[in-house]
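In what follows, a single structure is set out as structure tokens and then discussed.
All of the numbers you see were taken from the coordinates with simple rules; none came from a lab. Just so it is clear, the model here is predicted, and its values are computed rather than measured. Note that each Cβ is placed from the backbone with ideal geometry, even for glycine, and that neighbours are counted across all protein chains shown.
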Amino acid sequence: MTTQQHADTPIPFDRPTAARAYGWLLGSKDNFAIDREFALKTLEAFPEALDVARQNRQFLYRAVRFLTEEAGIEQFIDLGCGLPTNQNVHQVAQRFNPRARVVYVDNDPIVLAHGRALLADNDATTVITADFREPEAVLEHPDTKRLIDFSRPVAILFLSIGHHLKDVDDVGKGAHYALRHIIDDLAVSGSYLAVTQVASDDPAVGAKMSESFNAAGIPWQTRTPAEFAKLMEGLEPVEPGLVNIRDWRPDPNQPPLDPVPPQLEPYEGAAKRNLQIYEYGGVLRKP
Ligand SMILES: C[S@@+](CC[C@H](N)C(=O)[O-])C[C@H]1O[C@@H](n2cnc3c(N)ncnc32)[C@H](O)[C@@H]1O
């Protein structure tokens, strides 16, 4: 495993980060009071957010298992990989195919620090610090060139990421370009995109959520399912299509996640009662 440390990327302590706040919902201890306060504020407005985050992480397992076992994919680029937890992409993929190779990408320096420890003796994986709004930075990285062979099918993962990509942004060329450049312009036919994003059927609810995250310094655009599906035009969703990912090939026997932190237990199961927001997406094949 190799990593690239960006000396100019300090860990932000004065604002929450998506990696740390989301990681807490999955049971990670690598977060600060400011992240937990932001997560609790989000849960006050959207109590189902805990279940939704955990459903997304369970989808990750089922999607990577499908890609490895059924689609025969051996190489993965996981964009916005987040803090390591149990059942990380390389662990799931290498369980079903020991030859699987994984490039992890995140722009939060805490992810690099923890990824380095996790991947220390795994030559088939790497974690690099890059902004996925500029996919060229990922593609030009020497580790991507070493591990990914674009003459063979590849899986591009954007899990719980679509909402971090705005239609128009001040860094890259917008959500469509970021989500589609690698799969459309570089990947061969038979490659896959696995992608999820926080969605709401009610644009007013979505706008309220976007406002709260953007105000906290986390770029965010909640979309309706129709808006998200438009970003995926031209790719072929595998069964059951683009759905609330809780309903994507559910498997009651899949490995459990780490326990919910005690402070968050009151929110467990809230998605059964209240579903203003949910994680929408699926797995799509490049024809
Ligand atoms: C909600 S977490 C999702 C983690 C993981 N993909 C999963 O599904 O469990 C979002 C992750 O995207 C990362 N992220 C957000 N914006 C990013 C950007 N512009 N470039 C790279 N990573 C980014 C955050 O640091 C965070 O780790």
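Rounded to two decimals, what is the ratio between the C-alpha radius of gyration of the chain and 2.2 N^0.38 Å?
Values: Rg = 17.5 Å, N = 287, 2.2 N^0.38 = 18.9 Å.
Taking the Cα Rg and dividing by 2.2 N^0.38 Å, one obtains 0.92.
Could you order the peptides 69-78, 114-123 from most to least packed, using the average number of other C-beta atoms within 10 Å per residue?
Going from most to least packed, we get 69-78, 114-123.
Whole-Hz ³J(HN,Hα) for each residue in the stretch 15-24, computed from phi via Karplus 6.51 cos²θ - 1.76 cosθ + 1.60 with θ = phi - 60°, x for glycine and proline: what do you get?
8, x, 10, 4, 4, 6, 5, 5, x, 4
Please report the antiparallel percentage of the DSSP beta bridges confined to the chain, to the nearest 5.
DSSP beta bridges in the chain are roughly 40 percent antiparallel.
Treating only the Cα positions of the stretch 38-193 as identical point scatterers, give the base-10 log of I(q)/I(0) from the Debye formula at each q in 0.16, 0.17, 0.20 Å⁻¹.
-0.92, -1.04, -1.41
For the chain, what does the relative contact order come out to in percent, with C-alpha contacts under 8 Å and a separation of six or more?
24 percent
Do any of K230/K286; K41/K173; K166/K272; K173/K230 go past 20 Å between their Cα atoms, and which?
From the list (K230/K286; K41/K173; K166/K272; K173/K230), the Cα-Cα distance tops 20 Å for K41/K173; K166/K272.
Most exposed first by the Cβ proxy, i.e. fewest other Cβ within 10 Å, how do L186, L112 rank?
If I rank by nearby Cβ atoms, fewest first, I get L186, L112.
Using just the helices of the chain, give the 222 nm mean residue ellipticity in deg cm²/dmol: DSSP H runs with n ≥ 4 each add -39,500 (n - 2.57), and the total is spread over all residues, rounded to 500.
Value at 222 nm, helices only: -9500 deg cm²/dmol.
Report the net charge of residues surrounding A215, where surrounding means a beta-carbon distance below 13 angstrom and charges are Lys +1, Arg +1, Asp -1, Glu -1. Before the final figure, lay out each step's value.
Numbers: positive: R15, K41, K208; negative: E211.
Surrounding charge for A215 is +2.
Quick one: if you take sqrt(5λ) for each eigenvalue of the C-alpha gyration tensor of the stretch 139-211, what semi-axes come out, biggest first, whole angstrom?
29, 14, 10
Summing Lys, Arg as +1 and Asp, Glu as -1, what charge do residues with Cβ under 14 Å from the Cβ of R62 carry, R62 excluded?
Here the count lands on 0.
If you consider only alpha-carbon coordinates, what radius of gyration and Dmax does the stretch 65-117 have, in Å?
11.4, 34
Return, for the Cα atoms of the stretch 221-287, the radius of gyration and Dmax in Å, separated by a comma.
Computed over the Cα atoms of the stretch 221-287, radius of gyration and Dmax are 15.0, 46 Å.
Taking θ as phi - 60°, what are the ³J(HN,Hα) couplings along the stretch 91-98 by the Karplus curve (6.51, -1.76, 1.60), each to the nearest whole Hz, with x for Gly and Pro?
Along the stretch 91-98, the couplings run 5, 5, 5, 6, 5, 8, 8, x Hz.
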